[in-house]
Amino acid sequence: MSMEKFKKSGEKEMYRRREGRKNVVIWILSTVLLFLVGCSSVFFLNSFVTNQKIEEVKKQINQLDVFTRQTAMKVEDYLRDRGIGLAYMEMLKKHGSLKYYSHEELQAVISVLCMADRQWRDELRGASYWIGKIEYESLGNPTFVNKYSGAMGLTCWMSYTARKILREFQLPYDKKFIFNPETHLKGSFWWASQELSFWQTKGIEDYSSLRWHLLASWDWGSINVERRFYRYGNKVKGEIPKETRDYIVNVLDKISYWEERIDFWSSYEENRVQEVIK
């Protein structure tokens, strides 16, 4: 082999060795880089999954908290509704008036009372207002007729009031509607809502005063109470007939009594509820 060819073959060998070392370095760097990228990806993924799990747990806790509050409210409403129904049945049983109701009518009346309780829990003390008023007016007899005044039904509608309420409900003046306990109660609720709105526009905001004006308007007549109010203002309580003042005191006493009975039946043991419905 000539000297020139020998040099050329040596150069080629050195070149191959350099390229080989370079490839090894590149491979090592690539491996390290891939390892680092992989580690960072795993760390990020783990962090993301962990954060996601934390958020899911938080969400579940919030949902459980909301569910617990809603469940508590539902239980409270159920117990309150049960107390209202049992208190009303106690009142009917006390006066022998349960016989005037069909099963459907009794259920409808209790349902309407529960509705009124939610609507007027503050202003009128809810269902206790209506149970107390019904007991005083008619002893719970939906076909009651006052032999002195001619007032009819559960809350004792006078003829004028009956015509006004039935007209609002687009019903003819017919005693079958006046003596229907569900229709009668809904009509009385409508009248009460109108009167409450009126007295509130006159600046009567205190709940006890609202109840007083509502009962005075029912017993003595809305027009009479309004006239006295315009003349005497807040001193109107001393300017109405004694009969109406006595009526208000008696009904308010019954309202307080039935509020206590509703609370009693709301917390009564389930297995002893049969005492009132037998």
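Name the residue that is surrounded by the most Cβ atoms within 10 Å (Cβ to Cβ), counting only residues in the range 104-143 that are within 14 Å of S256 (Cα to Cα) and of a type in the set (V, I, T).
I134
A quick yes/no check of all residues on (1) part of a helix (DSSP H, G or I); (2) at pLDDT below 95:
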site	(1), (2)
P172	no, no
I204	no, yes
R211	yes, yes
K235	yes, yes
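Among the residues of the range 213-233, write down those that are among the aromatic types (F, W, Y) and at pLDDT below 90.
Result: F229, Y230, Y232.
Under 7 Å between Cβ atoms, at least 6 apart or on separate chains: pull out the pairs that start in the range 184-200 with a residue that is touching a residue at least 60 places away in the same chain (Cβ under 8 Å) and end on any residue that is crowded, with 19+ Cβ neighbours inside 10 Å and among the small types (G, A, S).
F189/A116
Within the range 119-149, which residues are small (G, A, S), closer than 20 Å to E243 by Cα and at pLDDT 95 or above?
If the condition is that a residue be small (G, A, S), closer than 20 Å to E243 by Cα and at pLDDT 95 or above, then G132, S138 are the ones that fit.
Exactly one condition in (1) over 28 Å from the mean Cα position of the chain (by Cα); (2) without any contact (Cβ under 8 Å) to a residue 12 or more places away in the chain; (3) over 17 Å from W218 (Cβ atoms) is false for Y100; which is it?
(2)
Conditions: (1) in contact with a helix residue (DSSP H, G or I) (Cβ under 9 Å, 6 or more places away or on another chain); (2) modelled with pLDDT of 95 or more; (3) assigned to a helix (DSSP H, G or I). D246 meets all but one. Number of the miss?
The failed condition is (1).
Search the range 224-244 for residues that are within 14 Å of F198 (Cα to Cα) and pair each with any residue that is of a type in the set (S, T, Y) when their beta-carbon atoms are under 6 Å apart and the residues are at least 6 apart or on different chains.
V225/S217
The values are calculated or read from the model by the stated rules, or taken from the named source; none is laboratory data. Treat the numbers as computed from the prediction; the structure is a model and nothing was measured. For neighbour counting, all protein chains shown are included, and Cβ atoms are generated from backbone atoms with ideal geometry for every residue, glycine included.
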